[in-house]
Amino acid sequence: MVAVSRPERDDRPPTAAVLGGLVAGSVASLAAALADPLGGAVVGLAAVAVLAGSLRRAHRLLSWGVGVGAVGLAVAGYRGGAVEPLLAAGVALALAWDLADHGITLGRQVGRGARTRRNVAVHAGTNLLAGGLSVAVVYGTYLAAAGNQPIAALALLLFGAVALASALR
């Protein structure tokens, strides 16, 4: 009997998921920087942490990165950043985290060599739709109730982040 050696499966995240997370993280940091440069810099660090977590296959690093990003969004909101770019940054940051997490899971389950581009695209599109709907509800509530009050805007943004997180789960 001849032993057949199988090549080891590459369990790194698929390239589409890593690139999608990188693009979403970049959008998050740029949008946050439009609202407030300091908050944008913190969100930029978070995007780098999410990318590193994706490449290192470390769920904990992803979680810490998104936690830092939430702090960056809160800082930008507290410093009077515009609501619209902060909402966009929040959705993009959540999408970056979700794509990175999904990519790690896909890599572990089917490997990097599997055809996963469509799966990643549908996953990203669905989450973007949920994020867009959440932003529409939060922004509509903000326009109806906030009336240019920065503290109220921060509270509504945090409420929106909770609504977005629950919609993605």
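Computed over protein heavy atoms with a 1.4 Å probe, the carbon and sulfur contribution to the accessible area of the stretch 74-116 reaches 53%.
Working out 0.36 nm times the residue gap between Val71 and Thr126, then minus their Cα-Cα distance, what length gain in nm do you get to one decimal?
Details: separation 55, 0.36 × 55 = 19.80 nm, distance 2.55 nm.
Full extension of this stretch gives 17.3 nm more.
Residues in the stretch 1-138 average 55 Å² of solvent-accessible surface per residue, probe 1.4 Å, ligands and nucleic acids excluded. Rounded to 0.05, the FRET efficiency of the Val137 and Asp10 pair, given R0 = 41 Å and the Cβ-Cβ distance, is 0.50. Tell me, what is the FRET efficiency for Arg56 and Ala145 to the nearest 0.05, using R0 = 45 angstrom and their Cβ-Cβ distance as r? That pair, Arg56 with Ala145, gives E of 0.60.
The values are calculated or read from the model by the stated rules, or taken from the named source; none is laboratory data. Since this is a predicted model, take the numbers as computed values, not measurements. Reconstructed Cβ throughout: ideal geometry from the backbone, glycine too, with neighbour counts over all protein chains shown. For the accessible areas, the whole protein counts, side chains as well, though only heavy atoms, and no ligand, DNA or RNA atoms are used. Shrake-Rupley method; radii C 1.70, N 1.55, O 1.52, S 1.80 Å.
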